[in-house]
Amino acid sequence: MTAHPGFPTRTTLRELTPTLRLLPYELGEPTLTALYDSGPLSGRHGMRVQANMVTTLDGAVTGAHGSSREISSPADMRVFSVLRSLADAVVVGAGTARAEGYTRLAAKRAHLAQRRRRGQADVPALVLITASGRIDTNRLDAAGTSDVIVHTSCADEVTLERLRGYCGDGNVVTHADDVTPAAVLADLRARGMRRVLCEGGPALLGAWIQAGAIDELCLTVSPLITGTGPGLLSGPTFDPPLRARPLSQLTDGSTAIHRLQLGSP
């Protein structure tokens with residue numbers, strides 16, 4: 001999900017669990033950041049992998065025009081901004097990046113001091129997962145300064161050379177078969193990254209949850225019914241159902257914002 005510059009993010013949130021308190025907007029969001037950074041950095045892949053998605057009451061992840069921005073809200077954007085500020089890398093499917101108009105990520109002045117204290121780069125890397133090797137370089141270069149790392153199963157040398165010319169040789173990682181979550185996370189861990197944020201879309205998120213790669217699902221439920229698809233997850237069936245343990249719940253009075261620890265599939 002991409003940020004929307006038109007959204008004010010200073011709406012007051014109320015934390016319902018694990019404690020009951022008001023969370024007014026603060027410059028740099030230190031309180032909200034501490035809440036979302038409270039989980040261990042030693043999950044199943046030796047790091048912490050959070051996923052962030054927004055959905056409607058009927059399970060849609062986009063509005064009528066195909067964008068998650070249509071179903072987002074100021075409350076959602078406060079959490080979205082904090083999650084990105086914590087990430088060493090933001091992982092997204094290339095199709096979702098094209099549909100949502102992703103650009104390179106930009107450093108946020110309000111979060112720079114906290115990132116530097118944690119020993120992080122000023123801006124997270126953008127990690128694109130693509131079978132075809134097709135990425136929209138013109139759109140990516142429209143804003144932001146982040147590195148772009150591509151994981152692809154494409155074997156076409158012309159496409160790969162174009163990607164290497166754009167991203168740099170070390171930032172194009174090829175896979176003989178499907179791009180697995182474990183392989184992506186191993187590469188990011190080797191680069192010294194410990195906080196990873198997955199932003200979908202539904203097929204990628206479904207595959208990553210099925211593989212046990214997601215430690216925490218951060219899910220905003222907007223009080224909307226759109227009748228649009230696709231749903232939150234695409235692909236896997238969980239039998240028995242995958243259990244999730246609530247870690248925190250926030251609200252602005254209408255939007256429900258959940259943070260859930262996911263169990264093993």
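See the values below:
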quantity	calculated
Unique residue being among the small types (Gly, Ala, Ser), surrounded by 18 or more Cβ atoms within 10 Å (Cβ to Cβ), in contact (Cβ under 8 Å) with a residue 24 or more places away in the chain and more than 20 Å from ALA60 (Cα to Cα) when the list is SER248, SER222, SER153	SER248
Among (1) within 19 Å of ALA94 (Cβ to Cβ); (2) part of a loop (DSSP other than H, G, I, E, B) - the single one TRP208 does not satisfy	(2)
Single residue of segment 169-219 satisfying the filter (of a type in the set (Asp, Glu) and within 24 Å of ASP239 (Cα to Cα)) that is surrounded by the most Cβ atoms within 10 Å (Cβ to Cβ)	GLU216
Number of positions in segment 161-205 that are at pLDDT below 95 and under 30 Å from ALA60 (Cβ atoms)	5
Filter result (surrounded by 18 or more Cβ atoms within 10 Å (Cβ to Cβ) and either touching a strand residue (DSSP E or B) at 6+ places or on another chain (Cβ under 9 Å) or of a type in the set (Gly, Ala, Ser) (or both)) within segment 105-118	LEU105
So ARG134, is it over 14 Å from the mean Cα position of the chain (by Cα), under 24 Å from ASP215 (Cα atoms) and among the basic types (Lys, Arg)	no
Criterion violated by GLY46 - all others in (1) touching a Ser or Thr at 6+ places or on another chain (Cβ under 8 Å); (2) closer than 23 Å to ARG191 by Cβ satisfied	(1)
Out of GLY263, GLY235, GLY253, sole residue that is touching a residue at least 12 places away in the same chain (Cβ under 8 Å) and farther than 23 Å from THR17 by Cβ	GLY235
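Yes/no per residue for (1) of a type outside the set (Ser, Thr, Tyr); (2) touching a His at 6+ places or on another chain (Cβ under 9 Å); (3) not in a strand (DSSP E or B):
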{"position": "CYS218", "(1), (2), (3)": "yes, yes, no"}
{"position": "ILE225", "(1), (2), (3)": "yes, no, yes"}
{"position": "SER234", "(1), (2), (3)": "no, no, yes"}
{"position": "THR237", "(1), (2), (3)": "no, no, yes"}
{"position": "PRO240", "(1), (2), (3)": "yes, no, yes"}
{"position": "SER254", "(1), (2), (3)": "no, no, yes"}
{"position": "HIS258", "(1), (2), (3)": "yes, no, no"}
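The values are calculated or read from the model by the stated rules, or taken from the named source; none is laboratory data. Because the structure is predicted, anything quoted here is derived from the model rather than measured. Backbone-built Cβ (ideal geometry, glycine too); neighbour counts: all protein chains shown.
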